[in-house]
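Enquirer: Let me begin by handing over the structure; questions about it come next.
The values are calculated or read from the model by the stated rules, or taken from the named source; none is laboratory data. Just so we're clear, the structure is a prediction, and the values are computed from it rather than from any experiment. Every residue, glycine among them, receives a Cβ derived from its backbone with ideal geometry; neighbour counts consider all protein chains shown.
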Amino acid sequence: MPQIKVIRAGRAEIAAQLQELRRPLLLDRLVLDDTPQARRVQEIIADVRARGDEAVCEISAAVDGAKFAPDELRVPVERIEQARRDLPVDLRKAVELAIDSVRRFQEHIMVRAAEPLSADGKTLALRARPLRRAALCVPGAAAPLLSSVIHNAVPAQVAGVKELVVVAPPRHEGDVHPAILGVAGALGIREVYRMGGAHAMAALAMGTKRVPRVDKIIGPGGMYVQLAKRYLYGIVDIDMFAATTEVLIIADSTAKPAFIAADMLAQAEHNPGCSILLTDDASLVDRVLAELDKQLQTLSTAEAARKWLAEYGAIAVVESMDDAVYLADDIAPEHLQIETANPHELADRIEYAGAIFLGHYSPEAAGDYVAGPSHVLPTGGTARFWSGVSAMSFLRYTSMTEYTREGLAREADAIDTLARAEYLDGHARSATIRVRD
């Protein structure tokens, strides 16, 4: 049987044990601790600020083992096009399906500015405009996460972003993985750079001679990428500050142990990944453990999955679904799978989750690839205040205000009173001078 924590306790004790289990995966250690990694990221940012492309190339050589000159940072357009043509037929069709699904959903949810509000000589409006330039960070250290290109780029394209940049570490024979390049080509992206890590984030945020700065950086990455995004936030916008990927599964007696085990293993094969099951059916525990053992026998990533199930996996038996709802909101998971008889009723009671997958036939893996919503989601409990990436993530909103003389006259006294209460006579005068003879 795989090594995984099994918890049978009351609500408070389960919450405490799950908190302790997840502690190494949360963001507070990165934010609050003075770590060697944090100091190194600050050094990298300072180096890229001072020396630009030369620093990026030197750090890439040291970190990724890829040596190239500054004028080779950008992947030639011809190579992107060739990679697009070289995509295997079955992969090309799957990529096209994913692109179409994500695009249709993002177009469906796209929120435009509301109609202007006009009354009593005052007209108010909110204008939406897309960002001009955004960068998509695509991990490529352990595996070519080509789906990240789709789930980052398509929402940006739907929003109207004109200039999209892809950065990926040159870990495939000293270059960006051809699958990543091929998907970028399929999306019409022609600007790809051979760089990843903190040095890439610094180059994108501040700009170098060969890498024009961007307005926003989105996409997953490891500790150094996340720390760099956090330090550079304010110089550039970011999607979120992300921790380890995670799934929380809530299941009752109607759930299928084979499905649950497959879902837990899908998350555990990440490096690392956190998989937690909450169930009010105690008999489900042994059946899921047996399925985990069975499926690990034929899983190509079994070694990693066993390791992360042992370190960050748990099965907790709750007394009721009320406890499951409480614990789900306490965790605020990136992915929430509800495999129960009435998943909608349960989902309506849960406030915090990056993405929710309803029913026995909605695996989180579908969300990773072809469902439609972006798979770039808040992790480590940050679903309490962050949302996943969508087309709206790439819009800027500008308020617009227009008064007639009569409309301003109606409110000038209130402006005058409030401004003088703050000892700002100039503010008061700028309103009253327009309406008083």
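Enquirer: Quick one: would you say residue 402 is in a helix (DSSP H, G or I), touching a residue at least 60 places away in the same chain (Cβ under 8 Å) and surrounded by fewer than 18 Cβ atoms within 10 Å (Cβ to Cβ)?
Expert: In short, no.
Enquirer: Counting only residues that are of a type outside the set (A, V, I, L, M, F, W, C) and closer than 16 Å to residue 367 by Cα, which one in region 133-153 is surrounded by the most Cβ atoms within 10 Å (Cβ to Cβ)?
Expert: 152
Enquirer: Just the residues that are among the acidic types (Asp, Glu) and either closer than 19 Å to residue 242 by Cα or touching a Phe, Trp or Tyr at 6+ places or on another chain (Cβ under 9 Å) (or both), please, taken from region 9-47.
Expert: Within region 9-47, 20, 28, 33, 34 meet the criteria.
Enquirer: Could you list, in sequence order, the residues of region 8-34 that are β-branched (Val, Ile, Thr) and either modelled with pLDDT under 85 or outside the structural domain of residue 309 (by TED's automatic domain parsing) (or both)?
Expert: Across region 8-34, the qualifying residue is only 31.
Enquirer: Taking residue 207 as the residue in question, decide whether it is surrounded by 24 or more Cβ atoms within 10 Å (Cβ to Cβ), over 21 Å from the mean Cα position of the chain (by Cα), at pLDDT 95 or above and among the small types (Gly, Ala, Ser).
Expert: So residue 207 does not fit the description; no.
Enquirer: Taking only pairs six or more apart or across chains, which ones have beta-carbon atoms under 8 Å, a first residue in region 422-437 that is under 13 Å from residue 406 (Cα atoms) and touching a residue at least 24 places away in the same chain (Cβ under 8 Å), and a second residue that is of a type in the set (D, E, K, R) and surrounded by fewer than 12 Cβ atoms within 10 Å (Cβ to Cβ)?
Expert: Going by the 8 Å Cβ cut-off, the qualifying pairs are 434/405; 435/405.
Enquirer: Counting only residues that are touching a residue at least 24 places away in the same chain (Cβ under 8 Å) and under 30 Å from residue 331 (Cα atoms), give me the helices (runs of 4 or more DSSP H) lying completely in region 1-100 with at least 2 of them.
Expert: Qualifying helices (runs of 4 or more DSSP H): 11-22, 28-32, 36-51.
Enquirer: Scanning region 320-362 for residues that are in contact with a Phe, Trp or Tyr (Cβ under 7 Å, 6 or more places away or on another chain) and assigned to a loop (DSSP other than H, G, I, E, B), which turns out surrounded by the most Cβ atoms within 10 Å (Cβ to Cβ)?
Expert: If we take residues in region 320-362 being in contact with a Phe, Trp or Tyr (Cβ under 7 Å, 6 or more places away or on another chain) and assigned to a loop (DSSP other than H, G, I, E, B), then 332 is surrounded by the most Cβ atoms within 10 Å (Cβ to Cβ).
Enquirer: Taking only region 61-85 into account, find how many residues are among the charged types (D, E, K, R) and either surrounded by 14 or more Cβ atoms within 10 Å (Cβ to Cβ) or in contact with a His (Cβ under 8 Å, 6 or more places away or on another chain) (or both).
Expert: Of the residues in region 61-85, 6 are among the charged types (D, E, K, R) and either surrounded by 14 or more Cβ atoms within 10 Å (Cβ to Cβ) or in contact with a His (Cβ under 8 Å, 6 or more places away or on another chain) (or both).
Enquirer: Moving on. With (1) surrounded by 18 or more Cβ atoms within 10 Å (Cβ to Cβ); (2) among the hydroxyl-bearing types (Ser, Thr, Tyr); (3) more than 23 Å from residue 158 (Cβ to Cβ) as the list, and residue 432 as the residue in question, which single condition is left unmet?
Expert: (1)
Enquirer: Sticking with this structure for a sec: Return the residues of region 374-399 that are part of a helix (DSSP H, G or I) and touching a Phe, Trp or Tyr at 6+ places or on another chain (Cβ under 6 Å); say none if nothing qualifies.
Expert: 383, 384
Enquirer: With the condition kept exactly as written, say whether any residue in region 297-317 is part of a helix (DSSP H, G or I), in contact with a Lys or Arg (Cβ under 6 Å, 6 or more places away or on another chain) and either touching a residue at least 12 places away in the same chain (Cβ under 8 Å) or over 15 Å from residue 244 (Cα atoms) (or both).
Expert: no
Enquirer: Further question on the same structure: Taking region 264-277 on its own, how many of its residues are at pLDDT 95 or above and surrounded by fewer than 24 Cβ atoms within 10 Å (Cβ to Cβ)?
Expert: Number of matching residues: 1.
Enquirer: Would you point out the residue of region 27-60, among those that are closer than 28 Å to residue 183 by Cα and hydrophobic (A, V, I, L, M, F, W, C), that is surrounded by the most Cβ atoms within 10 Å (Cβ to Cβ)?
Expert: 56
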